[in-house]
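The values are calculated or read from the model by the stated rules, or taken from the named source; none is laboratory data. These numbers were taken from a predicted model, which means no experiment stands behind them. Counting neighbours? That spans all protein chains shown, and the Cβs are built from the backbone with ideal geometry, glycine included. Surface areas here come from the heavy atoms of the whole protein model, side chains and all, with no ligands, DNA or RNA. Shrake-Rupley method; radii C 1.70, N 1.55, O 1.52, S 1.80 Å.
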Amino acid sequence: MAETTTTTMTTTLRPRTARIVAGCATLCAAAAATAILSSDPEAGGIFFSPSAPSPCYVARGGPGGRWERDVPLAELTHYDPNYPAYSRANQYHVPDASDPAATRYRKPETYAWRDPPGVEGRCGRVVPLSAASFCIEARRLGLSRIMFVGDSIAFQQSYAFARQVGSDVEHKNYDGKNSAQGWMVRHECPGEYAVELRFARNDRLLVGDMIPDTTNKGDVLRDWIDVYRSEPPSVRTLLVVNTGPHFIRDPNPPYETVVDKFLEDVGTKIGRPRDLVFFRTSPGGHPTCATATEPFRTQEEYYDSVEHPPAEHANVVPKYGWGKFGAMNDYLKEALGGYNDGTGVGVTSGPKRIHVLDVEPMTNLRPDGHQTSPDNRDPDKPEWDCLHYSMPGPIDWFNNLLFTNLADLPSLEEEEQESAAAAESSGALRTRQDRESSPSTTTN
């Protein structure tokens, strides 16, 4: 897209794009090693191998990227959502008879995320998650459990994850409740390696005494923390959490308090130092989704659509608070930075680092593919839902980004070797210091 020339847009939108860039920059200094993506025909997919240090997990998915049409990729990544609420668009899709090959899948499903050339040259592409790549990476990291916690968008992410790796989720299999409130399946990998996949619904990530006696305005607040602690610390877990949208209608307790409480619990109380923890940002909705048929090209386009929505939907941005999501994401990144550099929670029994999964910039560019978008031909589709996506679609790339970034992390074996070496080095240093500080004795 050409440079924005409208004065109003330049002054009001550019600072918001700069906010995203600044948010990424606060985390760059603590980035892990990058990854090289390699094709392994025998493994049946793409696998990951660590390489030289670089801030790749921060750079990927950033504001300089774009969505690129890639129909052949959809051939490899398509899945049947098999969930009533989000599969209608897939169910009612009919290929265009004039070009059935190019229109076999819904258009929103045929876009792939591309980072700027400099990022991809250094870090490789964000690649689709598959059953083969998942099992390879889970085994490398020593993962026995993947647990998602959050609201309906977190449910969508978790459900997409299960379908991307080839697992089925029953519609009702969690205490007799609908699977949107929670589910668990056991995913079998080759070589007798199994990983438990799980979702627990808690719209505002509240725990213990923070959970009110009566749920406010339809919030689902399952006490997820007991489920998380149900396995011993030796069962290494990838925990992926999110909260945010539900604080718009009920800001008590405040979002900031909940984030701080989560970091305190994970860092000092739960006692799972070997786990990998990711906190996902919250992307806002798109007021123009009812007519959108393709991605935006720039962040400016997104912010312009939010600041100048169609007249018939002028009230939705303040109603749902989409303009406030950015400030919540900023606070999250700042809090995670404090946790990771030691200026926030004094970590005593939790993982040394909690990672951000920043999907805000890439999702900003996807006004298409929502429940109410034109690609959903279901006659009974929601009258207006521009926050949730139909599946498959943009939500899949939350997981693609997650597992590409996981490849940056050292393997479990490498972590254990590093910890042992550090302990040995520290012990040797203390022994030398004790020897040097002891008074020398002379025998006559």
State whether the residues of the stretch 187-197 include one that is part of a loop (DSSP other than H, G, I, E, B), open to solvent by less than 20 Å² (accessible area, probe 1.4 Å) and either more than 23 Å from residue 408 (Cα to Cα) or touching a strand residue (DSSP E or B) at 6+ places or on another chain (Cβ under 6 Å) (or both). no
Looking at (1) at pLDDT 95 or above; (2) part of a loop (DSSP other than H, G, I, E, B); (3) in contact with a Pro (Cβ under 7 Å, 6 or more places away or on another chain), find the lone condition where residue 374 falls short. (3)
What do you reckon, is residue 238 closer than 25 Å to residue 397 by Cα and either open to solvent by less than 10 Å² (accessible area, probe 1.4 Å) or not in a helix (DSSP H, G or I) (or both)? yes
Out of all the residues in the stretch 301-343, which are under 25 Å from residue 385 (Cβ atoms), modelled with pLDDT of 90 or more and of a type in the set (Asp, Glu)? 301, 304, 307
Condition met for residue 78 (farther than 20 Å from residue 296 by Cβ and either open to solvent by 60 Å² or more (accessible area, probe 1.4 Å) or of a type in the set (A, V, I, L, M) (or both)): yes
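Taking the criterion of being surrounded by 17 or more Cβ atoms within 10 Å (Cβ to Cβ), within 30 Å of residue 163 (Cα to Cα) and at pLDDT 95 or above, would at least one residue in the stretch 344-354 satisfy it? Break it down stepwise before answering.
We begin by selecting, within the stretch 344-354, every residue surrounded by 17 or more Cβ atoms within 10 Å (Cβ to Cβ); these are 344-345, 347, 350-351, 354.
Filter once more, keeping what is within 30 Å of residue 163 (Cα to Cα): 351, 354.
Now restrict to residues that are at pLDDT 95 or above: 351, 354.
Checking the stretch 344-354: at least one residue is surrounded by 17 or more Cβ atoms within 10 Å (Cβ to Cβ), within 30 Å of residue 163 (Cα to Cα) and at pLDDT 95 or above.
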When the residues of the stretch 97-143 are filtered to those that are among the aliphatic types (A, V, I, L, M) and within 24 Å of residue 370 (Cβ to Cβ), which remaining residue is most open to solvent (accessible area, probe 1.4 Å)? 102
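Residues 304, 358, 275, 341: which one is among the charged types (D, E, K, R), surrounded by fewer than 19 Cβ atoms within 10 Å (Cβ to Cβ) and in contact (Cβ under 8 Å) with a residue 24 or more places away in the chain?
Result: 341 is the single residue among 304, 358, 275, 341 that is among the charged types (D, E, K, R), surrounded by fewer than 19 Cβ atoms within 10 Å (Cβ to Cβ) and in contact (Cβ under 8 Å) with a residue 24 or more places away in the chain.
Yes or no, residue by residue, for (1) at pLDDT 90 or above; (2) of a type in the set (Val, Ile, Thr); (3) open to solvent by less than 70 Å² (accessible area, probe 1.4 Å):
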{"position": "387", "(1), (2), (3)": "yes, no, yes"}
{"position": "391", "(1), (2), (3)": "yes, no, yes"}
{"position": "396", "(1), (2), (3)": "yes, no, yes"}
{"position": "403", "(1), (2), (3)": "yes, no, yes"}
{"position": "432", "(1), (2), (3)": "no, no, no"}
{"position": "438", "(1), (2), (3)": "no, no, yes"}
Mind listing just one residue for me: the one in the stretch 250-272 that is assigned to a loop (DSSP other than H, G, I, E, B) and touching a residue at least 40 places away in the same chain (Cβ under 8 Å) and, of those, nearest to residue 141 (Cα to Cα)? 272
Just one listed residue, out of 152, 130, is in contact with a Ser or Thr (Cβ under 8 Å, 6 or more places away or on another chain), under 25 Å from residue 195 (Cβ atoms) and polar (S, T, N, Q), and it is 130
Of the conditions (1) in contact with a Leu (Cβ under 6 Å, 6 or more places away or on another chain); (2) in a helix (DSSP H, G or I), the single one that residue 285 does not satisfy is (2)
Of those in the stretch 313-337 that are aromatic (Phe, Trp, Tyr) and buried (at least 18 other Cβ atoms within 10 Å of the Cβ), the residue nearest to residue 58 (Cα to Cα) is 325
Within the stretch 418-427, is even one residue within 29 Å of residue 60 (Cβ to Cβ), outside any helix (DSSP H, G or I) and at pLDDT below 95? no
Answer yes or no as to whether residue 94 is touching a strand residue (DSSP E or B) at 6+ places or on another chain (Cβ under 6 Å), more than 30 Å from residue 414 (Cα to Cα) and either surrounded by fewer than 22 Cβ atoms within 10 Å (Cβ to Cβ) or in contact (Cβ under 8 Å) with a residue 60 or more places away in the chain (or both). no
